[in-house]
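Input: a single structure, listed below in structure tokens.
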Amino acid sequence: MHHFAYQDGQLKAEGVSLDQIASQVGTPTYVYSQATLTRHFQAFGQAFAGLDPLICFAVKANTNRAVMGLFASLGGGADIVSGGELYRALQAGVDPGRIVYSGVGKSEAEMEAALAAGILMFNLESVQELLVLDQVAGRLGVKAPVSLRVNPDVDAQTHPKITTGLAKNKFGLDVDLAFEQYRLMAGMPHLQIMGVSCHIGSQLTDVRPFADACERLAALVARLKAAGINLRVLDLGGGLGITYNDEVPPNPAQYAAALKQTVGRLGLRLVLEPGRVLVGNAGLLLCRVLYTKQTPAKRFIIVDAAMNDLVRPSFYDSYHAIWPVSQRPGEEAMVADVVGPICETGDFLARQRDLPAFERGQLMAIMSAGAYGFAMSSNYNSRPRAAEVLVNGDRFGVVRARETYEDLCRGESLPEWMR
Ligand code: LLP
């Protein structure tokens, strides 16, 4: 459910017409709906009512400060994976006591910054990493709060590039190794054992793998308890899918129902790290048709957004619905590819789609672009990154200015022998 809908044939974000945003801010522009973001956050939390979960938004999905700050104001925390994400989360006003830090490659400097900030816990992913964190915490004279990220070896049945919980993936520690490490950690002076975590993949459309992973973690928690090691936190990661096209993912209530019994029995503080499900359908990418072109083989619609703005179609072959901003009744659908100006055959936003007969100058909305959209954008082909706009009722604000050509060259300099 989102707040992008047609009114008198004009696509609006809540009460604001996208036409107005395009004329004031230009294109391409990411547009987010505050009502949708709020609704998704609240619906997710309500699904777990009774378990009082800490919802740590996976900020990698959308790092805009306004978006992170909105969730923080609703009581959320952040799941971070880098020093940069820590910095941004703190800037956005996220309570450090609600930040969890995952990822296989935290540097010592990043560990120091997170310890100094006083985050809730580190989700550690290797034996070496926990030895290093123990040393870093020792240097700073503090105890680092830790959980081990377990790789439960369950198949998330999603795209291979976003599957993370299989034994062959780089993430986490297998259950038996984790058990041994907890026993060692109990004797390490600068680590404080907090809990256990996992994250098995993204865009899951079935609850079964979540339930299986949760069961495997519960068995480990019980084994640890029997060995005298009591955990406080159970972090089940993120991964709940959304509807891009015709997927029917579980809704948050069904997702919660699949986990509640096991989680309730353990009596640990529940942490969740949703990303996509909170922001994916709360954002779209607004762009304009530059040209249309009919070749002997195909019809192409060339727009001013490209793979540097939204890489998901090129990278994962993912589907994003394409909507016209102005509906023209009675128009016949035509099959076309929507492509950007970048010099790569892989630069497409949609392929072989039934679309209205878009013409030069018309506005287009690329839907479900709020997650891993702007966050994965780049400057490839020296294209300044898009603007970001947040809509709230009948108001909107630019929450990130469009980059300029000067931004493209910022930080570059010539070595002294070329000057
Ligand atoms: N927690 C951890 C440790 C993660 O690695 C991720 C996502 C999440 C939580 C949030 O997962 P979500 O709820 O969003 O599924 N760029 C890809 C998705 C990569 C996901 C990486 N990890 C895409 O565009 O589909």
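The values are calculated or read from the model by the stated rules, or taken from the named source; none is laboratory data. Quantities reported herein were computed from a predicted structural model and do not represent experimental measurements. When we count neighbours, we look across all protein chains shown, and the Cβ atoms used for this are built from the backbone with ideal geometry, even at glycine. Heavy atoms of the whole protein, side chains included, go into the accessibility calculation; ligands, DNA and RNA do not. Shrake-Rupley method; radii C 1.70, N 1.55, O 1.52, S 1.80 Å.
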* **Spin-label proximity, residue 317 to the stretch 224-245 - amide N less than 17 Å from point 7 Å beyond Cα toward beta carbon** => 244-245
* Close Lys-Lys pairs in the chain, where close means Cα under 27 Å and separation is 8 or more or interchain -> 15
* With a probe of 1.4 Å, find how much accessible area the chain has per residue, and write the answer as a whole number in Å². => 43
* Label point 7 Å beyond Cα of residue 82 along Cβ direction - residues of the stretch 36-71 with amide nitrogen under 20 Å -> 57-69
* How far, in nm, would the chain grow between residue 7 and residue 230 when pulled straight, counting 0.36 nm per residue and subtracting the alpha carbon separation? -> 74.7 nm
* Asked: Carbon and sulfur: what percent of the chain's accessible surface (1.4 Å probe)?
  -> 50
* Round to the nearest 10 and report in Å² the accessible area of residue 349, as given by a 1.4 Å probe over the protein chains' heavy atoms. => 0
* To do: Sticking with the crude label model, points 7 Å out along Cα→Cβ, report the distance from residue 91 to residue 253 in nm, one decimal please.
  => 3.9
* **Zone of residue 19's modelled label, taken as backbone nitrogen in the stretch 304-329 under 12 Å from a point 7 Å along Cα→Cβ** => 325-328
* Cα-based helix-to-principal-axis angle, 108-117 vs the chain, degrees rounded to 10 -> 80
* So how many Å³ per residue does the convex hull of the Cα atoms of the stretch 309-412 work out to? -> 138
* Please work out the Cα center distance from the stretch 53-85 to the stretch 206-241, rounded to the nearest Å. => 23
* Structure fact -> Rounded to one decimal in nm, the spacing of the 7 Å Cα→Cβ label points at residue 169 and residue 379 is 3.2
* Asked: So what is the 222 nm mean residue ellipticity for the chain from helices alone, if each DSSP H run of at least 4 adds -39500 (n - 2.57) and you divide by all residues, rounding to the nearest 500 deg cm²/dmol?
  -> -8500 deg cm²/dmol
* **Rounded tilt (10° steps) of 175-185 against the dominant C-alpha axis of the chain** => 60
* Structure fact -> Taking r as the C-beta separation of residue 246 and residue 139 and R0 as 51 Å, the FRET efficiency to the nearest 0.05 is 0.45
* Which far-off residues, 5 or more places away or on another chain, put their amide H under 5 Å from the one on residue 362, with H placed in the peptide plane? -> 289
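Where both partners of a DSSP beta bridge lie in the stretch 34-276, what percent of those bridges are antiparallel, to the nearest 5?
5
Stick to the Cα atoms of the chain, pair each with every other, and give me the Kirkwood hydrodynamic radius in Å at one decimal.
22.7
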* Computed over the stretch 34-276, Cα set: Rg, Dmax in Å -> 16.8, 53
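Stretch residue 107-residue 42 to full length: gain in nm at 0.36 nm per residue minus the Cα-Cα span?
Gain on extension, residue 107 to residue 42, equals 20.0 nm.
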* Structure fact -> One would report the Cα pair-distance distribution of the stretch 304-368, bin width 5 Å, in %, as 4, 17, 29, 26, 16, 6, 2
* Structure fact -> Taking the convex hull of the alpha-carbon atoms of the stretch 151-269 and averaging its shadow over every direction gives an area in square nanometres of 7.7
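For the stretch 258-377, what is the Kirkwood estimate of the hydrodynamic radius, computed as the reciprocal of the mean inverse distance between distinct Cα atoms, to one decimal in Å?
When all Cα pairs of the stretch 258-377 are included, the Kirkwood radius is 16.0 Å.
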